[in-house]
Amino acid sequence: MAEKPIVGERKAFMTGNEVTAWAALAAGADIMYGYPITPQTEIMQYWARMAPKFGKTFLQTEDEISAGFATVGGVLAGKRAFTATAGPGNTLMQEAMSMAEMMRIPTVMIVCQRGGPSTATVIYSQQEVTMTCFGGNGEGFRIVYSPSGHQDVFDYTIKAFNTAWKYRFPTFVLSDGYQAKMRESLTIYDPEIRGIKMVPTEAYVGKPGTPGVDREPSLFRNTYNMEEELYEVLMNIKQEYDRVAPEIVEYKEMYTEDAEIVVVAHGVVSRAVEGAVTALREKGIKVGFFRPITLRPFPGQQLKELAGRVKQLLVVESALGQLDKLVKQEIYGVTTPIANYFRPGEGITVEEVIEQVHKLV
Amino acid sequence: MSVQPQMPAVWRVETKPHKFCPGCGHPLVLKALGEAIVELGIQDRAVFGCDIGCSLLAWDFFNIDSVQTHHGRTTPVITGVKRANPDLIGIAYMGDGGGYAIGAQHLVNAATRNEKITVILINNAQYAMTGGQMAPTTLPGQKTETTPYGRDVETQGYPTLGPEMIAAITREGAYAARGTVSNLRQLKRFIKRALENQMAGNGFSFVEAISLCPTNWRTNAEQTWKFAEEEMTKYFKVGEFKTPGEKKEA
């Protein structure tokens, strides 16, 4: 068997989908279950090509429902199992992810957002925020990272496996079609040389010993008979989620110390915003930017504190207000006006953001 | 002093009496499964997955690692477990709705891929947990809550013949049989062969069990057995439909 997939570190110029497959390999993922859908498909293709060389396996399932549930099964067997999908596939996988949410199963799922609703486009959007954060008949006990470029895709895919297995919540890397299909330069690396230790996995079923003789059997369910029973289970999950949330939350801010206007954006759009804000600062306009890196849990406290001391917020996203809803819910009580620039299913450029900010000055 | 009937060693006494209705067929199938597991010595590597519907009541039935999944999704969960750790013996336990309706795509594809798992499916001719609606296995003319005038095959189709379908779509190495709780020794043989088939790594193995549901059939003991033994077996033939070897038990 070949040794480590990546020895040391090296520069690379590749598509985001290839980056994801490399990141999963570097993270020591054991098995991928998947079903083809654009713009995610090449993650599977690269994984299917590279995985056997490192003793890893792949299963192409009959649909995304099956891929989601097989991923749950792979995790139950104690393996770093993951899947990847987009759009309508994400919709189908929400059923399995709600099981993972209820049973604290550390699945890892990569979402390459495409246009919606329905089949829409195979290209790009930020319209899967609500579904990825709160999908299924659930309460949003999930962890969702929103990367903004290929280095992030690599870093946060590795991190997703560790966050999932450390905290035992289903974890998502919410990327998009641009970050899937574009080529960018980045550094890929063996996590160990950066001091990143992979969190060990643990089998839920099939542990050593004979159940009922050497140990108790592992018995898992997601069905409850009584209201009170379910309430207790959910409140315990909530308490645990709230307890670990501050450790998980990540965000980035720029030029916010003296900003009068703050632009809020996530994912690839935050790069346009960063470019716009940098250009506007050169012209002396007091504008800053805030990017939630985790959409679940959301850096609400940090944004609320910031929003309370500026004159104007501007939410920019490639959706009709999915990030905007999160923002408003988190900063409730702050009276700072919130403008928006929504381009559902469309990319957003630096020039567009500059123009929007000018309208507010 | 009362003498308790002999139960398989994997019987989890802490969760007995079990939660199935009086007269239900599930516990009979589970007892046969438990005995087969003990006789094959696979208690320490069996993983039991149960579906939604009455089968979910088996989630803590055995001293065996168990996971209760979603409706129809036990097949992919156990497939996922088995693929990730091939040393385990994956058992997917479900009803006729879970296997032939909502999870049919999973059953068909797991069978065609020859997944090395064992599916055990309970055929009680209707949806029992939700109160007796038409299932893929409801007999022509049979009255249920959603076929109050009887199942009309013109508008509602004919019952699904599961093991026959599995036999038709699988290749060498697969196992497909239909047993009945009215012949428990034979049913246990079928289950045991299905598990042995997985242990040998031959291929997909499938056992349908004709079962009983006096609660929703609204039958007394005599009528219950009559329906299972006479009415159901007219349509659902008992026997082996595919074995890895030449011999089949009719």
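Things worth noting here:
- Complete set of residues in region A:320-341 that are in a loop (DSSP other than H, G, I, E, B), under 30 Å from A:P170 (Cα atoms) and in contact with a strand residue (DSSP E or B) (Cβ under 9 Å, 6 or more places away or on another chain): A:L320, A:G321, A:I331
- Candidates A:G136, A:G140, A:G115, filtered to the one that is on the phi < 0 side of the Ramachandran plot and not assigned by TED's automatic domain parsing to the domain that holds A:K328: A:G115
- For region A:53-81, the candidate set comprises residues that are buried (at least 24 other Cβ atoms within 10 Å of the Cβ) and assigned to a loop (DSSP other than H, G, I, E, B); within that set, the residue that is farthest from the other protein chains (Cβ to nearest Cβ) is A:R80.
- Residue in region A:341-359 that is farthest from A:L295 (Cα to Cα), counting only those that are within 23 Å of the chain's Cα centre (by Cα) and surrounded by fewer than 22 Cβ atoms within 10 Å (Cβ to Cβ): A:T349
- Cβ pairs under 8 Å, 6+ apart, first in region B:39-63 and at positive phi, second assigned to a strand (DSSP E or B) and among the hydroxyl-bearing types (S, T, Y): B:G53/B:Y127
- Of the residues making up region A:28-52, those that are closer than 15 Å to A:A86 by Cα, touching a residue at least 40 places away in the same chain (Cβ under 8 Å) and either assigned to a loop (DSSP other than H, G, I, E, B) or away from every other protein chain (no Cβ under 13 Å) (or both) number 8.
- Filtered residues of region A:274-326 (kept if within 23 Å of the chain's Cα centre (by Cα), over 17 Å from A:T336 (Cβ atoms) and of a type in the set (D, E)): A:E274, A:E317
- For region A:203-211, the criterion of being buried (at least 19 other Cβ atoms within 10 Å of the Cβ), within 14 Å of chain B (Cβ to nearest Cβ) and over 17 Å from A:I105 (Cα atoms) is met by at least one residue.
- Meets criteria (buried (at least 20 other Cβ atoms within 10 Å of the Cβ) and farther than 30 Å from A:K79 by Cβ) for B:G132: yes
- Some residue of region A:220-240 being more than 14 Å from chain B (Cβ to nearest Cβ), of a type in the set (S, T, Y) and either closer than 16 Å to A:D155 by Cβ or within 20 Å of the chain's Cα centre (by Cα) (or both): no
- Residue identified as touching a helix residue (DSSP H, G or I) at 6+ places or on another chain (Cβ under 9 Å), crowded, with 24+ Cβ neighbours inside 10 Å, more than 7 Å from every other protein chain (Cβ to nearest Cβ) and of a type in the set (G, A, S) among B:A84, B:A58: B:A58
- Taken over region A:82-95, the criterion of being outside any loop (DSSP other than H, G, I, E, B), away from chain B (no Cβ under 14 Å) and either hydrophobic (A, V, I, L, M, F, W, C) or under 12 Å from A:T171 (Cα atoms) (or both) is satisfied by A:A84 alone.
The values are calculated or read from the model by the stated rules, or taken from the named source; none is laboratory data. If you're wondering where the values come from, they're calculated on a predicted model, not measured in any experiment. Virtual Cβ from ideal backbone geometry, glycine too; neighbours counted across all protein chains shown.
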